[in-house]
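For reference, the structure is listed below as structure tokens.
The values are calculated or read from the model by the stated rules, or taken from the named source; none is laboratory data. Note that this is a predicted model, so its numbers are computed, not measured. Note that we place each Cβ from the backbone using ideal geometry, even for glycine, and neighbour counts take in every protein chain shown.
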Amino acid sequence: MSDAPTCIVAEDETLLRQALVTELARAWPALRIVAECEDGASAVEALAEHLPSVAFLDIRMPGLTGLEVAAAAADASPRTQIVFVTAYNQYAIDAFERGAMDYLLKPVKPERLDATVARLQARDAVPDAAQMAALLEKLGALPQPASAVQPLTWLTASAGRETRLILIDDVLYFRADQKYTTVMTAEGEALLRSSLRELLPRLDSNTFKQIHRATIVNLKAIAGITRDDSGRGTVRLKQRPETLLVSQPFMTLFKHM
């Protein structure tokens with residue numbers, strides 16, 4: 001670790017995020033928190049921008065999960081030490097411990113955080129990418145806790161003077177439009193009167209992925225992806241002529257496609 005360690009905290013529940021930030025200030029006064037993130041996409045961008053010493057990642061977040069953020073960190077910020085914050089059951093905890101990875105159980109207890117901070121301060125090595133990849137694969141295969149919010153199956157959006165009922169499976173992508181969201185289907189666009197951030201928690205994260213701060217795409221709608229020399233990507237769609245930009249940190253999502 002450097003003499004001036006930096007950190008990002010990614011947790012979608014505001015009170016839990018604030019509590020962890022407060023506890024970190026107590027347990028590690030020298031640690032400088034450079035970003036507090038409410039969702040996985042913001043965490044990926046913060047990793048790429050700040051290259052922090054440590055990232056505390058909630059496993060379950062809207063859009064991108066903490067597991068996907070950690071996978072992105074291997075490319076975006078490979079020296080960042082990852083600490084998962086989880087409400088997973090004992091089977092997942094066993095996977096963490098066999099992988100020798102740091103984790104915190106919710107609610108985070110001060111004595112457990114103190115022990116984690118001590119390990120982080122003593123550790124000087126670059127995270128083991130192969131070990132991280134193996135752990136992420138193992139955790140990704142475990143049954144996930146049921147979400148309190150059921151994913152949307154349809155939505156109501158405006159197209160001129162018409163109100164349209166759109167099946168969520170027919171949506172190709174969503175794009176931020178100031179405080180509203182454009183919904184694109186094969187037939188054309190409509191306007192949803194909620195923000196992209198409000199929409200994210202209500203989408204099935206196995207199907208819809210954020211690929212840019214302003215764009216969420218239906219993975220089933222993708223025809224192909226190309227990468228340019230800068231590391232950014234371009235998504236081609238099956239049913240629309242336009243292409244979608246993939247920010248460089250989000251290209252990790254498409255490594256196996």
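Residues in the range 141-155: is at least one modelled with pLDDT of 90 or more and either among the hydroxyl-bearing types (Ser, Thr, Tyr) or buried (at least 16 other Cβ atoms within 10 Å of the Cβ) (or both)?
yes
Of the residues that make up the range 212-224, is at least one loosely packed, with under 15 Cβ neighbours inside 10 Å, more than 30 Å from ASP75 (Cβ to Cβ) and either in contact with an Asp or Glu (Cβ under 8 Å, 6 or more places away or on another chain) or not polar (S, T, N, Q) (or both)? Within the range 212-224 (the criterion being loosely packed, with under 15 Cβ neighbours inside 10 Å, more than 30 Å from ASP75 (Cβ to Cβ) and either in contact with an Asp or Glu (Cβ under 8 Å, 6 or more places away or on another chain) or not polar (S, T, N, Q) (or both)), the answer is no, since none of the residues qualifies. Can you spot a residue in the range 184-196 that is closer than 19 Å to VAL44 by Cα and surrounded by 16 or more Cβ atoms within 10 Å (Cβ to Cβ)? Yes, because at least one residue in the range 184-196 is closer than 19 Å to VAL44 by Cα and surrounded by 16 or more Cβ atoms within 10 Å (Cβ to Cβ). For the range 41-68, the set of residues classified as among the aliphatic types (A, V, I, L, M) and farther than 13 Å from GLN248 by Cα consists of ALA43, LEU51, VAL54, ALA55, LEU57, ILE59, MET61, LEU64, LEU67, listed by residue number.
Would you point out which residue out of ALA35, ALA55, ALA25, ALA100 is at pLDDT below 90 and not basic (Lys, Arg)?
One residue alone meets the criteria, ALA100.
For the range 18-43, taking the residues that are farther than 29 Å from THR215 by Cα and free of Cβ contacts under 8 Å to residues at least 12 places away in the same chain, the one that is surrounded by the fewest Cβ atoms within 10 Å (Cβ to Cβ) is identified as PRO29. Screening ASP177 on (1) under 21 Å from LEU155 (Cβ atoms); (2) without any contact (Cβ under 8 Å) to a residue 60 or more places away in the chain; (3) in contact with a helix residue (DSSP H, G or I) (Cβ under 8 Å, 6 or more places away or on another chain) shows it passes everything except condition (3). Filtered by the rule that a residue be in a helix (DSSP H, G or I) and acidic (Asp, Glu), the range 26-64 gives GLU45, GLU49. Scanning the range 1-15 for any residue that is hydrophobic (A, V, I, L, M, F, W, C), at pLDDT 90 or above and assigned to a helix (DSSP H, G or I) turns up at least one such residue. Taken over the range 44-64, residues that are out of contact with any Pro (no Cβ under 6 Å at 6 or more places or on another chain), farther than 16 Å from ASP12 by Cβ and either small (Gly, Ala, Ser) or surrounded by fewer than 24 Cβ atoms within 10 Å (Cβ to Cβ) (or both) amount to 3.
Check the range 78-90 and report whether any residue there is touching a Lys or Arg at 6+ places or on another chain (Cβ under 8 Å), crowded, with 20+ Cβ neighbours inside 10 Å and in a helix (DSSP H, G or I). Checking the range 78-90: not a single residue is touching a Lys or Arg at 6+ places or on another chain (Cβ under 8 Å), crowded, with 20+ Cβ neighbours inside 10 Å and in a helix (DSSP H, G or I). Among residues of the range 115-139 that are closer than 15 Å to ALA55 by Cα and in the same structural domain as SER77 (by TED's automatic domain parsing), those with a Cβ under 8 angstrom from a residue that is at pLDDT 70 or above and among the β-branched types (Val, Ile, Thr), sequence gap 6+ or separate chain, pair up as THR116/VAL83; LEU120/VAL54; LEU120/VAL83; PRO127/THR80; PRO127/ILE82; MET132/ILE82.
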